Amino acid sequence: MRMLNLALQGGGSHGAFTWGVLDALLEDGRVGFEGLSGTSAGAVNAVALASGWIRGLATGRDPREAAREKLAGIWYRVSAMGSLGTLQQQFMRMLWGGLPPELSPGNIIGNAWRGLLSPYQSNPLDINPLRTMLGEEIDFPAIAAQREIKVFVSATHVNTGKAVIFTGPQLDASAVLASACLPMLFHAVEIGGEAYWDGGYSVNPALSPLIQQCSAADLLLVQINPLAREQTPKTSADILDRINELTFNASLLTQMRAIDFVNQLLAEGAVSHPHCKRVRMHRVEGGAALDDLPASSRGSADGVMINQLFDAGRSAGRQWLGRHFEAIGVRSTVDIRRDYLDDTRAAPPYPPLPAPRSLGRALRPWLARLLRLSRS
């Protein structure tokens, strides 16, 4: 059995693509999961997989099949609610971050209303269909009690802007609600007297818990927010879509740079520490299936689109296994420098100083101090 940690991006109903990827991995049966980290819709997928898996073990069933059933049940419920009447459809758009047409970003009147009304006025009862669904579908006490799979859910602390990770006994329905809380639609989720918003604003998804708290060195990212677009957006709706994509990918780029930096130091022998390991990165991405959809479609609960994304995810998951299964435990299948790193160095107007003979030697004293602080 080859072990993976899974990092699941948020992206509203585009998370149905992630459902398809997970379904393919579970069906294949050749990989195990040590850790799951999810944000927003990725958090919903993570707790659904874990809850189904644990339920399967408790009842003597194949945990993989039980996890597949739980994921399917969650997404069938989403699409079924989206196919009901107008009120239910509006609630489902709210659930995944959508807005009714009259309040769309491209509508001048809608923008005026958005400027006047906060969710504390427009949604005073804080109606959120995700709250009911999580309470009925997910066994959070069982997830907290088990040691089979580590689950991490990220949210953004409103007052500081910092990412907060919920796991173990702290992981409950409120944590997932916080991870998916869009501030223009829902009241901030209060946990322990602190207010939280959608985790995508600070980390989407959190990679560090999978590196620091799991022994497996292979990390599979299911990426549903495109990094690049071929065309420059010109309409207000397209511009807003692209801004959202850039915002929700910013933390991922930062984390990837950190992983590449530490991997480079380890490869040079500049650092040796039990808390540092070389991470083997892998990725399944939406490709054309998601590139052709505007970011605004994340708010759609249309059953046809959800099923199409599920099928695309299953196909992408199977293709990834076919191409890269043998690389698990051996090497990375993602070129971090090519895909995630940028060159922010300005060309100096004069000859630069000679570079140190080894980046690792130059940074060794600083890293040694950093590691001593982490142990204290």
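The values are calculated or read from the model by the stated rules, or taken from the named source; none is laboratory data. Keep in mind it's a predicted model, so treat the numbers as computed, not measured. Cβ sites come from the backbone with ideal geometry, for glycine too, and all protein chains shown count toward neighbours. These accessible areas exclude ligands, DNA and RNA; they are computed on the full protein's heavy atoms, side chains included. Shrake-Rupley method; radii C 1.70, N 1.55, O 1.52, S 1.80 Å.
Assorted remarks:
- Residue within the range 263-283 that is surrounded by fewer than 14 Cβ atoms within 10 Å (Cβ to Cβ) and either within 20 Å of Leu309 (Cα to Cα) or in contact with a Phe, Trp or Tyr (Cβ under 6 Å, 6 or more places away or on another chain) (or both) present: no
- Qualifying residue in the range 215-224 (condition: among the small types (Gly, Ala, Ser), under 26 Å from Cys276 (Cα atoms) and in contact with a Leu (Cβ under 8 Å, 6 or more places away or on another chain)): yes
- Residue in the range 287-297 that is crowded, with 19+ Cβ neighbours inside 10 Å and within 16 Å of the chain's Cα centre (by Cα) present: yes
- None of Leu220, Leu182 is open to solvent by less than 40 Å² (accessible area, probe 1.4 Å), aliphatic (A, V, I, L, M), at pLDDT below 95 and not in a helix (DSSP H, G or I) except Leu182.
- Residue that is surrounded by the most Cβ atoms within 10 Å (Cβ to Cβ), among those in the range 319-352 that are in a helix (DSSP H, G or I), at pLDDT 95 or above and of a type in the set (A, V, I, L, M): Leu321
- Residues that are crowded, with 17+ Cβ neighbours inside 10 Å, of a type in the set (A, V, I, L, M, F, W, C) and over 16 Å from the mean Cα position of the chain (by Cα), drawn from the range 138-157: Ile138, Phe140, Ile143, Ile149
- Pairs are defined by a Cβ separation below 7 Å, a sequence spacing of at least 6 or placement on different chains, a first member in the range 230-248 that is touching a residue at least 40 places away in the same chain (Cβ under 8 Å) and under 20 Å from Leu182 (Cα atoms), and a second member that is outside any loop (DSSP other than H, G, I, E, B) and open to solvent by 70 Å² or more (accessible area, probe 1.4 Å); the pairs so defined are Ala237/Ser296; Asp241/Ser296.
- The set of residues from the range 28-58 being among the polar types (S, T, N, Q), modelled with pLDDT of 95 or more and outside any helix (DSSP H, G or I) comprises Ser37, Thr39.
To keep it simple, each residue is scored yes or no on (1) assigned to a helix (DSSP H, G or I); (2) out of contact with any strand residue (DSSP E or B) (no Cβ under 6 Å at 6 or more places or on another chain); (3) touching a residue at least 60 places away in the same chain (Cβ under 8 Å).
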{"residue": "Gln121", "(1), (2), (3)": "yes, yes, no"}
{"residue": "Leu130", "(1), (2), (3)": "yes, yes, yes"}
{"residue": "Pro141", "(1), (2), (3)": "yes, yes, no"}
{"residue": "Glu148", "(1), (2), (3)": "no, yes, yes"}
{"residue": "Val153", "(1), (2), (3)": "no, no, yes"}
{"residue": "Gly161", "(1), (2), (3)": "no, yes, no"}
{"residue": "Ser174", "(1), (2), (3)": "yes, no, no"}
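- Inside the range 226-242, residues that are out of contact with any strand residue (DSSP E or B) (no Cβ under 9 Å at 6 or more places or on another chain) and surrounded by 13 or more Cβ atoms within 10 Å (Cβ to Cβ) make up a count of 9.
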